[in-house]
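The values are calculated or read from the model by the stated rules, or taken from the named source; none is laboratory data. Predicted, not measured: the structure shown is a model, and the values here were computed from it. Note that we place each Cβ from the backbone using ideal geometry, even for glycine, and neighbour counts take in every protein chain shown. These area figures cover heavy atoms from the full protein model, side chains too; ligands, DNA and RNA do not enter into them. Shrake-Rupley method; radii C 1.70, N 1.55, O 1.52, S 1.80 Å.
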Amino acid sequence: MSRHYLVGMSGRESLEDLRELMEPLRSFFDGIVWVLHDASFSHEHSYLVDIGAHVIDVPYSRRHDFSRNHYLYCGPMQEGDWAMSVDALERIHPDFAAQFGHLTDQLAAKGYNAAHYFGKHFIFQHHESLRYQGNPHEGLTRDDGHLRGIELS
């Protein structure tokens, strides 16, 4: 059975944004995997740990693709798990998050393993060959060539 994760990245001075994002959503996911830039020992780090997130501390390199690859490679996600990728400034409606498992079941039933929203890879099924590339507008690819996505409206 696949698990469902909320994944993303932020840095210092994002505590209120993280709270606004996480509090209404976190109960709908099996886990949170978060890349935190230059914020070890910060209030942001403490908050994420307190809510049970898997926190990956990295220096900010100005490469969003590099940062996002950390949650693909350094977190608890395994092949077949589904993730919703967000940033600290984005807000997802709780009704949408509540249907995430149902949505991923529908995507998988139709042969999709990814969904984008306004061109951004928003939902994906984890695979060992996934990787983000490009900066500042990174895209998600699969080295095996089998990324099959759909645009959500």
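The conditions of being in contact (Cβ under 8 Å) with a residue 12 or more places away in the chain and either under 24 Å from residue 12 (Cα atoms) or surrounded by fewer than 13 Cβ atoms within 10 Å (Cβ to Cβ) (or both) are not met by residue 125.
I'm trying to understand the selection: among the residues of segment 95-109, which are in contact (Cβ under 8 Å) with a residue 40 or more places away in the chain and open to solvent by 30 Å² or more (accessible area, probe 1.4 Å)? Of everything in segment 95-109, just one residue is in contact (Cβ under 8 Å) with a residue 40 or more places away in the chain and open to solvent by 30 Å² or more (accessible area, probe 1.4 Å), namely 98.
Conditions tested, residue by residue: (1) farther than 19 Å from residue 131 by Cβ; (2) in contact with a Lys or Arg (Cβ under 8 Å, 6 or more places away or on another chain); (3) of a type outside the set (Phe, Trp, Tyr); (4) loosely packed, with under 15 Cβ neighbours inside 10 Å.
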| residue | (1), (2), (3), (4) |
| --- | --- |
| 34 | no, no, no, no |
| 40 | yes, no, yes, yes |
| 45 | yes, no, yes, no |
| 62 | no, no, yes, yes |
| 66 | no, no, no, no |
| 71 | no, no, no, no |
| 75 | no, no, yes, no |
| 81 | no, yes, yes, no |
| 93 | yes, no, yes, yes |
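Consider segment 50-94 and keep the residues that are over 13 Å from the mean Cα position of the chain (by Cα) and of a type in the set (S, T, N, Q). The one that is nearest to residue 23 (Cα to Cα) is 78. Screening segment 1-32 for residues that are touching a His at 6+ places or on another chain (Cβ under 6 Å) and more than 20 Å from residue 65 (Cα to Cα) and picking the one that is most open to solvent (accessible area, probe 1.4 Å) gives 30.
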